[in-house]
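Enquirer: Got a structure for you, written out below as structure tokens; questions coming shortly.
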Amino acid sequence: MKSFKRGLWITLLCTVGSAQAMPRVELANCTRSANLLACDDRQGSYYGVQTQGGTIYLRGYDAPSGRRWAQTTSRYGLLNFYTGIASDGEAWVGYSRRVGWTTLNRVSSSSGQRFSLRCNRLNGCQ
């Protein structure tokens, strides 16, 4: 479960922060309109991303764990604040800050997990 949570956060952070920094993995099938992106993968997982002004709404389902989740991200210049909740009751808060080509991310969850993630357009996420 911990690896899923970290993978979910990395996916969400890179989606919000720097999509070019994501490592090569099996791609999801996505459909896009002006302010909505809907994706699914071969495992049966899916997620949607909707934008309204400076706010991004993400909602999804992870098929392997059976977990549903939702996250809201608000953008203020180069700074993004986000909060999320999963169907098992776990909640998380965090922020992403762009500094040049690097995005700095920090996340804390209600399960006590905390981590930092640094994503760079040239070197990927670490």
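The values are calculated or read from the model by the stated rules, or taken from the named source; none is laboratory data. This one's a predicted model, so the numbers in the text were calculated from it and none came from an experiment. All Cβ positions, glycine included, derive from the backbone under ideal geometry; neighbour counts span all protein chains shown.
Enquirer: Among the residues of region 48-66, which ones are of a type in the set (F, W, Y) and under 14 Å from S87 (Cα atoms)?
Expert: Y61
Enquirer: What's the number of the only condition in (1) under 20 Å from N35 (Cβ atoms); (2) among the aliphatic types (A, V, I, L, M); (3) modelled with pLDDT under 95 that V49 fails to meet?
Expert: With respect to (1) under 20 Å from N35 (Cβ atoms); (2) among the aliphatic types (A, V, I, L, M); (3) modelled with pLDDT under 95, V49 is out only on (3).
Enquirer: Within region 50-93, work out how many residues are surrounded by 13 or more Cβ atoms within 10 Å (Cβ to Cβ) and either in contact (Cβ under 8 Å) with a residue 60 or more places away in the chain or basic (K, R) (or both).
Expert: Of the residues in that region, 11 qualify.
Enquirer: Within region 94-117, how many residues turn out to be in contact (Cβ under 8 Å) with a residue 12 or more places away in the chain and either within 29 Å of A63 (Cβ to Cβ) or touching a Phe, Trp or Tyr at 6+ places or on another chain (Cβ under 8 Å) (or both)?
Expert: 15
Enquirer: Hey, any hits in region 22-30 for a residue that's of a type in the set (D, E) and either under 14 Å from the mean Cα position of the chain (by Cα) or at pLDDT 80 or above (or both)?
Expert: For region 22-30, residues of a type in the set (D, E) and either under 14 Å from the mean Cα position of the chain (by Cα) or at pLDDT 80 or above (or both): absent.
Enquirer: Which number in (1) among the aliphatic types (A, V, I, L, M); (2) under 13 Å from the mean Cα position of the chain (by Cα); (3) loosely packed, with under 15 Cβ neighbours inside 10 Å marks the one condition that V107 misses?
Expert: All conditions pass for V107, except number (3).
Enquirer: Quickly run through region 69-88 and pick out the residues that are modelled with pLDDT of 95 or more and among the small types (G, A, S).
Expert: Result: A70, S74, G84, A86, S87.
Enquirer: In region 64-103, what residues are small (G, A, S), farther than 19 Å from S45 by Cα and in a strand (DSSP E or B)?
Expert: Matches in region 64-103: S74, A91, G94, S96.
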